[in-house]
Amino acid sequence: MIKIKDWRSYISSIREKDKDINSFLEFADDTSAGTGLISGETLLSRETLLSRVPFGVKDNIAVTGMRLTCGSKMLENFVSPYDATAVAKLKAAGAVPAGKTNLDEFGMGSSTDNSALAVTNNPWDLSRVCGGSSGGSAAAVAAGLVPFALGTDTGGSVRQPASFCGVYGLKPTYGVVSRFGLVAYASSLEVCGIIADTVETTREVFNIIKGKDGNDQTSVEHLPASPEAESIAVLSGELGLSSEVMAGYQKAVDGFKASGYGIIEVELPMLEYGIAAYYTIAMAEASANLARYNGVRYGHRSASAEGFDDLVRKSRDEGFGDEVKLRILLGTYVLRSGFQDQYYTRAQKIRTAVRNEFDKVFGRADLMMMPTFPTAAFRHGNSGLDQFQQKLADKFTVAANLAGIPALSIPVSVENGLPVGMQLMAPVFAEERLFAAADKLALQLPPAVCPGKMEGF
Ligand code: GLN
């Protein structure tokens, strides 16, 4: 089905549609990089997904000639001179970046409200957040502006916004997708992921962007694990979910049972310590990764500085937002000389223990299911979750990053008008097992379409 005939009318229609949602920070025709793309009468067709099909790119992933702001004043005017490997592979397959999507500053947050540049609204309910940190990507896909978008997942940032917006969100196995061209937040945890409106598109994009890359020494070749699965582990005991998420959880369990999977209850005692370990490691790595923004080589440079030290201090003070500063300070604190044993080394031990617990679970079951987030999309501002509550609520997503395993958030239901997602986790390299299970579940629980979704793909 081809509804959109040429790039110029396509970009102007998504620009119009995005006025209320604000998922994009930049469109392809805002810069010279896009003008070549939008000329001509190129047809866009979903049937040949990756030939001339547009996609969104989270604005911490490099696209040649487009800005790379990371949602920060620090990089507001920075234009990337190169493509991230994932972007280059998609371009080589024929797909075309439609623009850059909003995010929590440097990927730090769960709402996209930590962006210093724009407020993105959830297309299901504009008074609510779209999730984060890849919130712009999820909102753009849910609204039908693009069939898929790239995001990054350090502690849940692809899966959680996907669940808030009723779309699929894949966090691949650590290292399977190159991080070359991703602006680093916490390098040992993060991976480039995919947000899409169907399982098929998620799978297709994954198969294109995966693989070892000479530009990323932590990248690995994907060695596909068996896609077969008979059993799904779920957590026993009280999960602390909102009534909406509880309802979605029950439907997903019933849906998987109806698809023929056996459900096995397991315990994951280390989950309780996951948040403390994740934030200790993430902040420590962030404090090192963000040291490069000193106002000297690129990024914001204070106009009022006197001397080098003053330049660095003022540029960082003016360029970073509060949440980023908090994390740099805490990261520096946990790494300070003589105290690593107390925080960082301990967090690494918890990380190993989490990984061991998953190994045990996958000795008993082929997959594991957990809620993606304890609540559906919350409201902007004071009536939503505060920054601390948001961090605690990352408890289900951070586990996969600590363990390095793949996880897919699946839209399972709509409760009180808001989508609810469940995440399915698998052993390393078993992405195909996730896709196969999601395909089966979609027959029982077909994903709902966001009201007002733009037609075209
Ligand atoms: N919400 C988590 C955080 O703020 C996850 C972010 C991410 O995955 N980039 O760190």
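Looking for whichever is open to solvent by 10 Å² or more (accessible area, probe 1.4 Å), more than 15 Å from the ligand (Cβ to nearest atom) and of a type outside the set (Lys, Arg) here; the options are 126, 182, 145. Which one fits? Full working, then the answer.
On the way: 182 fails: more than 15 Å from the ligand (Cβ to nearest atom); 145 fails: open to solvent by 10 Å² or more (accessible area, probe 1.4 Å).
On inspection, the qualifying residue turns out to be 126.
Kindly evaluate residue 365 against the criterion of being under 23 Å from the mean Cα position of the chain (by Cα) and at pLDDT 95 or above. If you could, list the steps in order and put the result at the bottom.
Details: under 23 Å from the mean Cα position of the chain (by Cα): no; at pLDDT 95 or above: yes.
Spelling it out, it is not the case that residue 365 is under 23 Å from the mean Cα position of the chain (by Cα) and at pLDDT 95 or above.
Checking residue 244 against (1) more than 16 Å from the ligand (Cβ to nearest atom); (2) assigned to a helix (DSSP H, G or I); (3) open to solvent by less than 10 Å² (accessible area, probe 1.4 Å), which test does it fail?
(3)
In the list 426, 393, which residue meets the criterion of being modelled with pLDDT of 95 or more, within 18 Å of the chain's Cα centre (by Cα) and within 15 Å of the ligand (Cβ to nearest atom)?
Values: 426 fails: within 15 Å of the ligand (Cβ to nearest atom).
Of the residues listed, the single one that is modelled with pLDDT of 95 or more, within 18 Å of the chain's Cα centre (by Cα) and within 15 Å of the ligand (Cβ to nearest atom) is 393.
Tell me the residue from 107, 156, 135 that is touching a Leu at 6+ places or on another chain (Cβ under 7 Å), within 17 Å of residue 60 (Cβ to Cβ) and within 12 Å of the ligand (Cβ to nearest atom), please. Don't jump to the end; show me each part of the working.
Working: 107 fails: touching a Leu at 6+ places or on another chain (Cβ under 7 Å); 156 fails: touching a Leu at 6+ places or on another chain (Cβ under 7 Å).
The unique qualifying residue is 135.
Just checking, does segment 52-66 include any residue being surrounded by fewer than 22 Cβ atoms within 10 Å (Cβ to Cβ) and over 17 Å from residue 180 (Cα atoms)?
Yes, the conditions are met somewhere in segment 52-66.
Go through 189, 170 for me and flag whichever is more than 22 Å from residue 94 (Cβ to Cβ), touching a residue at least 40 places away in the same chain (Cβ under 8 Å) and open to solvent by less than 10 Å² (accessible area, probe 1.4 Å).
189
Which one of 351, 364 is open to solvent by less than 70 Å² (accessible area, probe 1.4 Å), within 26 Å of residue 234 (Cα to Cα) and either among the basic types (Lys, Arg) or free of Cβ contacts under 8 Å to residues at least 12 places away in the same chain (or both)?
351
Are there strands (runs of 3 or more DSSP E) fully within segment 344-439 with at least 1 residues that are under 24 Å from residue 114 (Cβ atoms) and in contact with a Lys or Arg (Cβ under 7 Å, 6 or more places away or on another chain)? List them. Spell out how you get there, then give the answer.
Numbers: elements: 367-371, 407-415, 418-425.
So the answer is 407-415, 418-425.
Residue 371: in contact (Cβ under 8 Å) with a residue 40 or more places away in the chain, within 16 Å of the ligand (Cβ to nearest atom), in contact with a strand residue (DSSP E or B) (Cβ under 8 Å, 6 or more places away or on another chain) and closer than 22 Å to residue 135 by Cα, yes or no?
Criteria met by residue 371.
Could you grab the pairs with beta carbons closer than 7 Å, sequence gap of 6+ or different chains, first residue in segment 139-159 and more than 16 Å from residue 411 (Cα to Cα), second one open to solvent by 10 Å² or more (accessible area, probe 1.4 Å) and more than 16 Å from the ligand (Cβ to nearest atom)?
145/17; 145/454
Every residue, every condition in (1) more than 8 Å from the chain's Cα centre (by Cα); (2) part of a loop (DSSP other than H, G, I, E, B), yes or no:
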residue: 119; (1), (2): yes, yes
residue: 132; (1), (2): no, yes
residue: 136; (1), (2): yes, no
residue: 141; (1), (2): yes, no
residue: 144; (1), (2): yes, yes
residue: 150; (1), (2): no, no
residue: 157; (1), (2): no, yes
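The values are calculated or read from the model by the stated rules, or taken from the named source; none is laboratory data. Bear in mind the structure is a predicted one, so any value in this text is a computation, not a measurement. Virtual Cβ from ideal backbone geometry, glycine too; neighbours counted across all protein chains shown. For accessibility, only protein heavy atoms count, side chains too; no ligands or nucleic acids. Shrake-Rupley method; radii C 1.70, N 1.55, O 1.52, S 1.80 Å.
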